[in-house]
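Chemist: Here's a structure for you.
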Amino acid sequence: MKLDWKLLVLVGVVAVAGFLLLFQFAGELPENISLPVLIKKGERAIVLPKATGNIDDVAKAIIREASADATILNDEETDSSLLNMDSQTISDLGKSYIENEFQKNISCFSWLDNDRGFYHVSVNFC
Amino acid sequence: MGFITLVLTSAEAATDKRIVGFCSRLLEISAKIEKRLTDRETKLEERRTERLEKLEAWREKRDLRREENQARWDENREEQFKKLEERAGTDSQKQALAAFKEAVNAAVVARRTAVETAKETFRQGIDQLIISRKAAIDNAIAIYKDAIRAAFTKAQADCEAGVEAKTIRETLRTNLKAAQEQFQNSRQEIEGIGQSVKELAETRRAAVAKAHEDFKAAVEKARDDLKAAWKTND
């Protein structure tokens, strides 16, 4: 049992140290890691073709530009993910009238409806 | 201030204290709902602003990356041409190489222009969807608010007319619920823009694919022409 605790402490220390190291090398962690940023990192890994002087190689090298460009162009479609960014807020707006709360607010009147001579009970009581 | 301004004469109030109690609470409830609506509309505007800022930032980043990459590819293409120049010994070979370079550069420009147009068309489509969606949502909100106002105005009128409190309450509750349901239905219809996005994306992809194919065909033709002129199989 004692050994388990030691092991847990050791794992914890290593995890914290690893996180701190990562944090130090990666710089400040972004609040939101957006998709284009991630793709950008991958995109920089493109290796340009070496010039050999061979006509076929030259043609292939030139054509490769289109494929590399297509990758970035496909990222355009991530814009559409922003379209529904306000959906939750709109949904909340539609719940500005909340039935339960409304019932709670006016339930006292039902009570008053049924009362027989207890008009003096304040509505604030409800 | 609520949606209604409650006006009750003292004579009416005296006739039925139950109605007065109910009607005095109406004002409080309507004010509460209106405040919540106002707060959420403010939040909605903030989200919209945030979306536009994010969209702009993403686009700028991508444009910058493309520009950087294009510059790198331009540089690489020049290196490829230089290597070929080293092999062009005769005037006719040099002439054929010049034609090759011209054809390739024209193909590059044509592809980039076509792709740029496709990209801009897609962006404009997305922008238009955002504008249409905003207008539709704003319209639904206006209808929703009007319906809430009408519900409270009706309740107020019923109060003044001396309608039984229970009936006023039930009518108000039903009307508010109907307003809410109508808004939620409208919202769901508006949210269903997935098909429009899909169409825009497909159009963009098709245009980019065509530009790619045209580019490839043009470069391969230039390559074949150069090989024929240089009488080489490499």
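The values are calculated or read from the model by the stated rules, or taken from the named source; none is laboratory data. Nothing here was measured: the structure is a model prediction, and the numbers come from that model. Note: ideal-geometry Cβ built from the backbone for every residue, glycine included; neighbour counts use all protein chains shown.
Each row is one residue, and each column tells you yes or no for (1) more than 10 Å from chain A (Cβ to nearest Cβ); (2) surrounded by fewer than 12 Cβ atoms within 10 Å (Cβ to Cβ); (3) closer than 30 Å to A:Asp75 by Cα.
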residue: B:Thr90; (1), (2), (3): yes, yes, no
residue: B:Gln95; (1), (2), (3): yes, no, no
residue: B:Val104; (1), (2), (3): no, no, yes
residue: B:Val115; (1), (2), (3): no, no, yes
residue: B:Ala140; (1), (2), (3): no, no, no
residue: B:Lys145; (1), (2), (3): no, no, no
residue: B:Ala151; (1), (2), (3): no, no, no
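Chemist: Quick one: B:Phe22 ticks every box in (1) facing chain A (nearest Cβ under 7 Å); (2) at pLDDT 90 or above; (3) over 20 Å from B:Ala135 (Cβ atoms) bar one, so which box is it?
Modeler: Of (1) facing chain A (nearest Cβ under 7 Å); (2) at pLDDT 90 or above; (3) over 20 Å from B:Ala135 (Cβ atoms), only one is false for B:Phe22: (2).
Chemist: Also, I was wondering about something else. Quick test for you: out of A:Ala70, A:Ala66, pick the one residue that is at pLDDT below 90 and touching a His at 6+ places or on another chain (Cβ under 9 Å).
Modeler: Working: A:Ala66 fails: at pLDDT below 90.
Going through A:Ala70, A:Ala66 in turn, the sole match is A:Ala70.
Results for (1) under 27 Å from B:Asp127 (Cβ atoms); (2) surrounded by fewer than 16 Cβ atoms within 10 Å (Cβ to Cβ), shown as yes or no for each residue.
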{"site": "B:Glu170", "(1), (2)": "no, yes"}
{"site": "B:Asn175", "(1), (2)": "no, no"}
{"site": "B:Ser186", "(1), (2)": "yes, no"}
{"site": "B:Val197", "(1), (2)": "yes, no"}
{"site": "B:Arg205", "(1), (2)": "yes, no"}
{"site": "B:Ala222", "(1), (2)": "no, no"}
{"site": "B:Thr232", "(1), (2)": "no, yes"}
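Chemist: What tally of residues in segment B:119-147 results from selecting those that are under 24 Å from B:Glu181 (Cα atoms) and among the charged types (D, E, K, R)?
Modeler: 5
Chemist: In this structure, does B:Leu64 turn out to be under 22 Å from the mean Cα position of the chain (by Cα) and more than 7 Å from every other protein chain (Cβ to nearest Cβ)? It would help to see each step written out before you state the result.
Modeler: On the way: under 22 Å from the mean Cα position of the chain (by Cα): yes; more than 7 Å from every other protein chain (Cβ to nearest Cβ): yes.
Considered against the rule, which asks whether it is under 22 Å from the mean Cα position of the chain (by Cα) and more than 7 Å from every other protein chain (Cβ to nearest Cβ), B:Leu64 comes out as yes.
Chemist: Please work out which residue is nearest to B:Ile141 (Cα to Cα), limiting yourself to segment B:189-199 and to residues that are more than 10 Å from every other protein chain (Cβ to nearest Cβ) and part of a helix (DSSP H, G or I).
Modeler: B:Glu189
Chemist: So, one more: Could you tell me whether B:Arg47 is at the interface with chain A (Cβ under 9 Å from one of its Cβ atoms), over 26 Å from A:Leu48 (Cα atoms) and under 28 Å from the mean Cα position of the chain (by Cα)?
Modeler: yes
Chemist: Being more than 10 Å from chain A (Cβ to nearest Cβ) and not polar (S, T, N, Q) narrows it down to one of B:Lys216, B:Lys227, B:Lys231, so name that one. Walk me through it before giving the result.
Modeler: Details: B:Lys216 fails: more than 10 Å from chain A (Cβ to nearest Cβ); B:Lys227 fails: more than 10 Å from chain A (Cβ to nearest Cβ).
Result: B:Lys231 is the single residue among B:Lys216, B:Lys227, B:Lys231 that is more than 10 Å from chain A (Cβ to nearest Cβ) and not polar (S, T, N, Q).
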